[in-house]
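The values are calculated or read from the model by the stated rules, or taken from the named source; none is laboratory data. Predicted, not measured: the structure shown is a model, and the values here were computed from it. Heads up, the Cβs are rebuilt from the backbone with ideal geometry, glycines too, and the neighbour counts pull from every protein chain shown.
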Amino acid sequence: MKKQQKSSFLEWNSNLLISSIKKISFNIIPILILDALFYLLSGYLIIFWLQRVQANITAFNMPADIMSLGPERAQQLVSEVRTFYYLIIFSFILLLIAIIFLASILKGIIWAKTTDTKISFKLISKFLGLNLIWMGFWFVAIFLISFLIAPSSAVFFMIAAIILGLYFTNTLYTIFMEEQKFKSILNSVKLNVAKIHLFLLPYSVALLLFYAIMRLGNFLKFRYSTILLGLVMLVYAAVLRYYVSELVSKIEGIK
């Protein structure tokens, strides 16, 4: 009986995969372009921010012995350091908002095309609001982990937070494209928790496939191997989105 149930579950997933692949059309080309554009622009913003911070740190001339400057100058310098610290935090928050804004436009179009949802200004606006709440929550969670957890354990908790974030996010975006309401957050969390046994196998296989692609990429040592690996990962992510959107829709229909 258990073998029959296991066979039926595997067959059900296989049919889902085939069904999702059949939905792939020429839409995948703009999806790949928009996805690549998102990562390129986000990477440029991060590198630009890091360079500016590094340049300001280098320009900030901190003497070895602050007290040798005298009480007034020492106090002024401490105040300048505090202001500089707050400016870094403020600029980092602006960086995160810029990335969320990019994700809301580009990823919003990507998920709309993946789920055959009509693209409109209203949809993208709501998607921006959703991401400010959702991505803001995960950014804060990762920040708290890095700040509160011991460095020896922080990496493990960060990886766990990223995996959980991806697990819930894929479901959230699929459901949001159907409902276009902020309550999609609660609905997606409920579905992911209640039906975790149906998500476990597909997501485990997806993680293993991702790991295999990354390992294979380590063996590719030629001039444009990094570009090729990036392209393969973009195609993998696009196909996975089609599969996940189909998976979530089918699981939603199971009572």
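Quick look at the numbers
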| quantity | calculated |
| --- | --- |
| One residue from PHE143, PHE147, PHE121 being modelled with pLDDT under 85 and over 18 Å from the mean Cα position of the chain (by Cα) | PHE147 |
| Residue in segment 26-61 that is nearest to THR83 (Cα to Cα), counting only those that are surrounded by fewer than 11 Cβ atoms within 10 Å (Cβ to Cβ) and aromatic (Phe, Trp, Tyr) | TYR44 |
| Set LEU186, LEU228, LEU200: member being free of Cβ contacts under 8 Å to residues at least 12 places away in the same chain, part of a helix (DSSP H, G or I) and farther than 25 Å from ILE24 by Cβ | LEU186 |
| For GLY108: the one exception among (1) within 17 Å of the chain's Cα centre (by Cα); (2) within 25 Å of VAL248 (Cα to Cα); (3) in contact (Cβ under 8 Å) with a residue 24 or more places away in the chain | (3) |
| Subset of segment 114-157 [touching a residue at least 12 places away in the same chain (Cβ under 8 Å), polar (S, T, N, Q) and either over 18 Å from THR174 (Cα atoms) or in a helix (DSSP H, G or I) (or both)] | THR114, ASN131, SER146 |
